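The values are calculated or read from the model by the stated rules, or taken from the named source; none is laboratory data. For clarity, every value in this text was computed on a predicted model and none was experimentally measured. Note that each Cβ is placed from the backbone with ideal geometry, even for glycine, and that neighbours are counted across all protein chains shown. For the accessible areas, the whole protein counts, side chains as well, though only heavy atoms, and no ligand, DNA or RNA atoms are used. Shrake-Rupley method; radii C 1.70, N 1.55, O 1.52, S 1.80 Å.
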Amino acid sequence: MAANLSSLAADPGFRRAPFLLFCGAFLALNVLVAKWQSALERSRRANLLVPEEQVKQYKNARYDRSVGQYLGAYLKVVPDATQQPLVILAGMSQMYVINDQPGGGETISEHLDDYYRQQGIRVFGLAAPNMDNEEAMLELLAAVSSPRTKPTVFIYGVCFDKFRNIGVRPDLQSFMKDNPAVQRFWTDATEIARSRYPAAAAMMSESSPTQAAAAAPVADASFESRLRTDAGVAIPIVKSRSDLNAYVQDRLYTFRNFVLGISNTTKRPIIKSRYDVNREFLGLLADVAEAHGVRLVMYNIPLNPQAETPYVPEQYEEFKQWLTKFAYDRRIPFANLENSVPIEQWGLRNGSPDFKHFNEAGHKTTAAAIRQEFDSVIRSQREIATTDIH
């Protein structure tokens with residue numbers, strides 16, 4: 001028996017068989033992916049908050065339609081703050097009209113811009129889904145890094161469940177890496193944070209492009225990136241790797257939720273360490289705004305009155321109390337807009353009332369609520385900015 005196995009292993013034909021089998025399987029898989037590629041791309045486009053065709057149409061944009069993916073490109077079309085006062089509105093997926101797809105509609109920032117541009121003030125939206133407070137601070141630092149995009153007012157829609165998120169997503173890290181001025185502002189803010197916000201400072205050090213560069217040499221990463229891009233021209237499975245990964249991750253996520261009985265409204269406690277570091281980042285956001293002469297304004301986002309939230313009630317109540325006190329202590333204009341959008345202006349998610357995303361009418365209502373609460377602040381900052389400009 002041993003002799004037979006030895007002679008079989010020595011047979012060149014046998015050694016070639018696994019290789020030929022692998023090549024055949026790899027070829028078949030690429031043929032399958034090539035046929036599936038268009039379906040994968042359609043699926044990805046369907047999950048974007050805006051149609052993919054619009055993502056790079058920056059010219060007439062009044063908010064970041066790329067959901068944070070192309071922040072650098074959208075900063076180039078922010079209304080010139082050296083010519084008129086500028087207001088930046090930042091937040092997460094509630095900033096987008098995701099429940100009116102595919103037609104969409106005007107967002108909160110666009111409704112505000114429609115109103116204030118008649119008075120010589122422009123409003124621009126910088127937001128991204130699931131944006132945590134570290135990323136919100138990066139949005140502010142990116143805006144103040146140039147006089148052309150420096151706002152007089154930075155309005156931040158604070159969202160409780162985003163206090164469970166941490167870190168800076170790769171697209172925003174790449175943006176920071178490509179912008180030395182933003183890197184300098186990031187490094188300066190990290191130094192400011194070290195004594196007062198140690199946990200935030202530690203995370204900022206990890207998010208820093210210089211830290212990432214030390215961990216992975218640029219030349220190697222560049223070569224690997226070029227190799228993947230070149231290989232993707234001829235090999236479908238390489239070209240579609242991101243879409244395939246997203247598909248698998250989505251199916252695993254759906255399967256996990258099915259097995260564990262998790263739904264959109266399942267109560268999910270926020271991990272204390274993540275909650276605490278996001279509170280530190282909110283404090284640092286206030287410090288950074290003050291240091292750069294930007295008026296920070298905050299509101300607690302609207303929620304659907306007929307929908308269950310995934311919030312643990314005690315945690316959410318404590319959060320609202322803390323946020324109100326934080327704003328009061330720091331003299332930050334603040335409003336709780338939790339109940340500002342009526343029932344009929346909310347959308348559906350998976351057949352159930354969406355607890356956080358409203359339709360276009362809800363965006364108009366939220367914009368009106370922001371104006372009602374903060375109009376005097378925006379106008380007073382306009383007077384200061386107009387004096388500086390002229």
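Efficiency by 1/(1 + (r/R0)^6): what FRET value for E338 and L32, r their Cβ-Cβ distance, R0 = 35 Å, to the nearest 0.05? That gives a FRET efficiency of 0.10. For the range 282-345, the share of accessible area belonging to carbon and sulfur comes to 49 percent (1.4 Å probe, ligands and nucleic acids excluded). For the pair R371 and K325, the difference between a 0.36 nm per residue extended length and the Cα-Cα distance amounts to 14.4 nm. A protection proxy built from the mean count of other Cβ atoms within 10 Å ranks the segments 108-120, 328-340, 179-191, 78-90, most packed first, as 78-90, 108-120, 179-191, 328-340. What does the C-alpha gyration tensor say about the overall shape of the range 293-373? Classify as rounded when a/c is under 1.5, otherwise prolate if a/b is larger than b/c, or oblate. Note, shape of the range 293-373 comes out oblate.
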